[in-house]
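The values are calculated or read from the model by the stated rules, or taken from the named source; none is laboratory data. As the structure is a prediction and not an experimental result, all values here were calculated from the model. Positions of Cβ are backbone-derived with ideal geometry, glycine not excepted, and every protein chain shown enters the neighbour counts.
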Amino acid sequence: MKAKYSVYFGLGLIILLALSRLIPHPPNFTPILGMAVFSGAIINKKIVAYLVPLAAMLLSDLYLGFHSGMPIIYFSLAICVLIGTFIESRVTILNSILGITAGVLVFYLITNFTVWYGSGMYENSFSGLITCYVMGLPFLQNTFISSILYGMGAFLIYDLINKRMIFGNNA
């Protein structure tokens, strides 16, 4: 992507993602995770790839409010960007779906482990950990559906734009 368009694309994406968290939506039904994987796979400058979803979260958290779980959520999002970098040179429909799915599962496992470990809501045992993961399944469902929907939409739109040579062939 040409530098001029890349800046506009990145800033526009940050604003869109931040706004997506502010409009009414079902719990965990936002494009953030899918777009984190997309950023890692598409944006060449890796610092920018990480900044896009993290800046969107920070911008929306300025309005929604800060909380103690933010560091682990931001860390999990960064892992999703890292997963995207693994498919960077091999972006296909299958790899995109697998990357987004891996990102969603990693996010679910890390964040729910943190809830189990630090919240006091669950018994501090293996049984309590399993209960925590089971209680998180409804959120996992929404996260998975929204991440596939928005993430694949982003990959497909990007591919369509690239094929039409609007931005050129270099991401």
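Quick notes
- Sole residue being surrounded by fewer than 20 Cβ atoms within 10 Å (Cβ to Cβ), farther than 20 Å from Asn142 by Cα and β-branched (Val, Ile, Thr), chosen from Thr101, Thr85: Thr85
- Test result for Ala18, of a type in the set (A, V, I, L, M), on the phi < 0 side of the Ramachandran plot and in contact with a Gly (Cβ under 7 Å, 6 or more places away or on another chain): no
- Within the stretch 152-171, residues that are exposed (fewer than 12 other Cβ atoms within 10 Å of the Cβ) reach partners that are of a type in the set (A, V, I, L, M) and modelled with pLDDT of 50 or more with beta carbons closer than 9 Å, at six or more positions or on different chains, in the pairs Gly168/Met1; Asn170/Met1.
- Scanning the stretch 35-48 for residues that are surrounded by 14 or more Cβ atoms within 10 Å (Cβ to Cβ) and among the hydrophobic types (A, V, I, L, M, F, W, C) yields Met35, Ala36, Val37, Phe38, Ala41, Ile42, Ile43, Val48.
- Yes/no for Leu140 being under 20 Å from Asn44 (Cβ atoms), in contact (Cβ under 8 Å) with a residue 24 or more places away in the chain and not small (Gly, Ala, Ser): no
- Residue that is modelled with the lowest pLDDT [pool: residues in the stretch 71-92 that are in a helix (DSSP H, G or I) and over 16 Å from Val106 (Cα atoms)]: Ser89
- Residues located in the stretch 4-22, provided they are within 14 Å of Ala49 (Cα to Cα) and either in contact with a strand residue (DSSP E or B) (Cβ under 8 Å, 6 or more places away or on another chain) or at pLDDT below 75 (or both): Ser6, Val7, Phe9, Gly10
- Residue within the stretch 81-90 that is among the hydroxyl-bearing types (Ser, Thr, Tyr) and under 26 Å from Asp159 (Cβ atoms) present: yes
- Of the residues examined, Ile130 is not one that is among the aliphatic types (A, V, I, L, M), in a helix (DSSP H, G or I) and under 16 Å from the mean Cα position of the chain (by Cα).
- Any hit, the stretch 49-65, residues being surrounded by 14 or more Cβ atoms within 10 Å (Cβ to Cβ) and either part of a loop (DSSP other than H, G, I, E, B) or touching a Cys at 6+ places or on another chain (Cβ under 6 Å) (or both): no
- Exactly one residue out of Thr101, Thr30, Thr111 is of a type in the set (Val, Ile, Thr), within 27 Å of Ile130 (Cβ to Cβ) and assigned to a loop (DSSP other than H, G, I, E, B), and it is Thr30.
- Residue within the stretch 125-135 that is out of contact with any His (no Cβ under 7 Å at 6 or more places or on another chain), exposed (fewer than 14 other Cβ atoms within 10 Å of the Cβ) and at pLDDT below 95 present: no
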